Amino acid sequence: MEENNHVHKRRVRYSGRYPKKFEEKYKEHNPEKYADTVARVIEKGGTPAGMHISIMVDEIIEFLNIKPGQTGLDATLGYGGHTSEMLKQLNGIGHIYALDIDPIESEKTERRLREKGFGEDVLTVKLTNFANIDTVSEEAGKFDFILADLGVSSMQIDDPERGFSYKIDAPLDLRMNPNKGESAADRLLNITKDELIGMLLENADEPYAEEIAEEVFRRKRNGTPVRTTADLRHSIEDALSLLPKDERTENIKKSCQRTFQALRIDVNSEFEVLYDFLEKLPFVLKPNGRVAVLTFHSGEDRLVKKAFRDGKRNGLYSDISENIIRPSADECRRNVRAKSTKMRWAIRSDY
């Protein structure tokens, strides 16, 4: 009889009735195995740890009007929810190219999509920035439809090691690709005070930019520079201690959100990347090709709005959405992270 040398590895135990830490949420990290648990979390308006709930799927699918045999591009793969739904519309005939710069999450997402039956004949995943759509188009040809969801994936926010959330103490990183560029902590070490103020104003319209920058640099002068998410949160709390007590909590929360957003945009060069994408976009679309873009803050939306309007004025687009499209109230109830979403679309002219 063959000896079984497999050693059973016990799951790490946690204190309390329910797991609270990201690494302890074993059920939500395996949604296919614990579908009932995940469904309950979503029903209560939450996003299960390690997952991402795709936003405005129905509106996107309706607008893109995907037909079998077409070629499409998901410029921001993320968790793959939008990609999966677009692939279903192709019904096995056609091809989608999906791009992402996050080597950690794109590998997981590609594996999930392959397990769903989407093989290399219908799906190509590329580890590249969506600013490089012209290079991708050289291989793929021009596209019938393109989607760009500019939001940060929930998997990145929830994972404390990535440093995207001010709610959990972790190294202040904020890079989409942790293998490239400098972290947010290093950026704060190398930036000038005036540059930090400008970053907070330009990237997040932060009303307390000067106060926050002064506190960050005070810590730096004292030999205790901001290195972690908690350090930055405490800096913001101290900077806003001048506010009346009854206003402080809510303002600190909003300033934390805006400051982390401003730093994330900076270390990932998000505005520069988006500008390059929008400039190249009409030239990789087929005649009458369609593009939808989801944005999540005013700076992104302003760039998309201007690019689409300029494109229509110059004859590159035959039609654009004049007004933003927002998720339904029901979707926002089911997914609180959908509330800030804005969708704009454009249709390529017939050359």
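Couple of notes before you dig in:
- Test: residue in the range 314-327 that is among the hydrophobic types (A, V, I, L, M, F, W, C), surrounded by fewer than 12 Cβ atoms within 10 Å (Cβ to Cβ), out of contact with any Lys or Arg (no Cβ under 6 Å at 6 or more places or on another chain) and under 28 Å from Glu206 (Cα atoms): no
- Hits in the range 208-230 - residues which are surrounded by fewer than 19 Cβ atoms within 10 Å (Cβ to Cβ) and under 24 Å from the mean Cα position of the chain (by Cα): Arg227, Thr228, Ala230
- Consider the range 145-173 and keep the residues that are at pLDDT 80 or above, among the aliphatic types (A, V, I, L, M) and closer than 30 Å to Asn288 by Cα. The one that is most open to solvent (accessible area, probe 1.4 Å) is Leu150.
- The range 184-204 - residue that is at pLDDT below 95 and of a type in the set (S, T, N, Q) and, of those, surrounded by the fewest Cβ atoms within 10 Å (Cβ to Cβ): Asn190
- Residue in the range 231-264 that is farthest from the chain's Cα centre (by Cα), counting only those that are open to solvent by less than 20 Å² (accessible area, probe 1.4 Å) and under 17 Å from Phe296 (Cα atoms): Ser255
- Across the range 61-73, the qualifying residues are those that are in contact with a helix residue (DSSP H, G or I) (Cβ under 8 Å, 6 or more places away or on another chain) and more than 8 Å from Ile146 (Cβ to Cβ), and the one among them that is most open to solvent (accessible area, probe 1.4 Å) is Lys67.
- Which listed residue is open to solvent by 70 Å² or more (accessible area, probe 1.4 Å), of a type outside the set (Gly, Ala, Ser) and more than 22 Å from Phe145 (Cβ to Cβ), from Arg337, Arg309: Arg337
- Qualifying residue in the range 306-319 (condition: within 21 Å of the chain's Cα centre (by Cα), charged (D, E, K, R) and within 30 Å of Met199 (Cα to Cα)): no
- Looking only at the range 95-123, residues that are of a type in the set (Asp, Glu), part of a loop (DSSP other than H, G, I, E, B) and surrounded by 13 or more Cβ atoms within 10 Å (Cβ to Cβ) come to 1 in all.
- Answer residue from the range 265-293, given it is among the β-branched types (Val, Ile, Thr) and open to solvent by 10 Å² or more (accessible area, probe 1.4 Å) and is farthest from Leu200 (Cα to Cα) among those: Val273
- Test: residue in the range 205-224 that is modelled with pLDDT under 95 and not basic (Lys, Arg): yes
- Qualifying residue in the range 135-144 (condition: at pLDDT below 95, surrounded by 20 or more Cβ atoms within 10 Å (Cβ to Cβ), touching a helix residue (DSSP H, G or I) at 6+ places or on another chain (Cβ under 9 Å) and acidic (Asp, Glu)): no
The values are calculated or read from the model by the stated rules, or taken from the named source; none is laboratory data. Note that the coordinates shown come from a computational prediction; the quantities given were computed from them, not determined experimentally. Methodologically, a virtual Cβ is constructed for each residue, glycine included, from the backbone with ideal geometry; neighbour enumeration extends over all protein chains shown. Surface areas here come from the heavy atoms of the whole protein model, side chains and all, with no ligands, DNA or RNA. Shrake-Rupley method; radii C 1.70, N 1.55, O 1.52, S 1.80 Å.
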